[in-house]
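See below for the structure under consideration.
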Amino acid sequence: DQQVKQNSPSLSVQEGRISILNCDYTNSMFDYFLWYKKYPAEGPTFLISISSIKDKNEDGRFTVFLNKSAKHLSLHIVPSQPGDSAVYFCAASAYSGGGADGLTFGKGTHLIIQP
Amino acid sequence: DGGITQSPKYLFRKEGQNVTLSCEQNLNHDAMYWYRQDPGQGLRLIYYSQIVNDFQKGDIAEGYSVSREKKESFPLTVTSAQKNPTAFYLCASRDLRRGANNEQFFGPGTRLTVL
């Protein structure tokens, strides 16, 4: 049973436009959410995160929105650049318990930025 | 230059042989993690460790073993009991200190191919 779902395996966006990547989760215990960017045969790189006490977090071109009632979060990239082409993973964890539990990942969305 | 190193980048083994993947970090992080990625899939948690000489099973621990004799090192052994060992293996670490960011930092990964 997948607890973190990224329902779009791929997304194609024109350079300069907004990219919106979506993620849904089912576990109500999740209270911390992260987005990672990954290139083939490399480790994921952390992009941005959000705690469940917030509904928005912004860092440069990247903004993450969290809708707790819908158990949905999204990553917005504005404007999209060619270097943004990669696989993006949504991840979640229950950190409020103070433990070191691992992350639960979605299957990823392959973002392709077209010139 | 702080970070996580995994070696080797590519590893080949014959079926039935145990193999140990190394992971070293100089970030002074308490927690370390092992994940596995298969094609088209997200990362799945194998084992994690919050402190030296202690570790916990993740979602897919069967056929794997770990040790945590030093804070900087968290080697993963893929045993012959693992039915599908060919995969991309990723090691990560996280700072558990109060007030630290909650993201996990990933190494470059090791691609294991069992022939």
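The values are calculated or read from the model by the stated rules, or taken from the named source; none is laboratory data. The structure presented is a predicted model; accordingly, all values stated were derived computationally and were not measured. As a convention, Cβ positions derive from the backbone with ideal geometry for all residues, glycine included, and neighbour counts pool all protein chains shown. Surface areas here come from the heavy atoms of the whole protein model, side chains and all, with no ligands, DNA or RNA. Shrake-Rupley method; radii C 1.70, N 1.55, O 1.52, S 1.80 Å.
For B:A81, the conditions (1) at pLDDT 95 or above; (2) more than 10 Å from chain A (Cβ to nearest Cβ); (3) in contact with a Gly (Cβ under 6 Å, 6 or more places away or on another chain) are fulfilled apart from (1). Candidates A:F105, A:F33, A:F46: the one that is surrounded by fewer than 21 Cβ atoms within 10 Å (Cβ to Cβ) and within 13 Å of chain B (Cβ to nearest Cβ) is A:F46. Checking each residue in the stretch B:22-36 for being within 11 Å of the chain's Cα centre (by Cα) and either farther than 9 Å from B:C91 by Cα or open to solvent by 10 Å² or more (accessible area, probe 1.4 Å) (or both) picks out B:S22, B:E24, B:R36.
Where strands (runs of 3 or more DSSP E) fall wholly inside the stretch B:53-98, the ranges with 1 or more residues that are open to solvent by 60 Å² or more (accessible area, probe 1.4 Å) and over 17 Å from B:L27 (Cβ atoms) are B:54-57. Kindly indicate whether any position in the stretch A:62-70 is under 23 Å from B:F106 (Cβ atoms) and within 14 Å of chain B (Cβ to nearest Cβ). There is at least one residue in the stretch A:62-70 that is under 23 Å from B:F106 (Cβ atoms) and within 14 Å of chain B (Cβ to nearest Cβ). For B:M32, the conditions (1) within 12 Å of chain A (Cβ to nearest Cβ); (2) in contact with an Asp or Glu (Cβ under 7 Å, 6 or more places away or on another chain); (3) within 21 Å of A:E42 (Cβ to Cβ); (4) of a type outside the set (S, T, Y) are fulfilled apart from (2). Residues of the stretch B:7-29 that are hydroxyl-bearing (S, T, Y) and either under 21 Å from A:P44 (Cβ atoms) or facing another protein chain (nearest Cβ under 9 Å) (or both): B:S7, B:Y10, B:S22.
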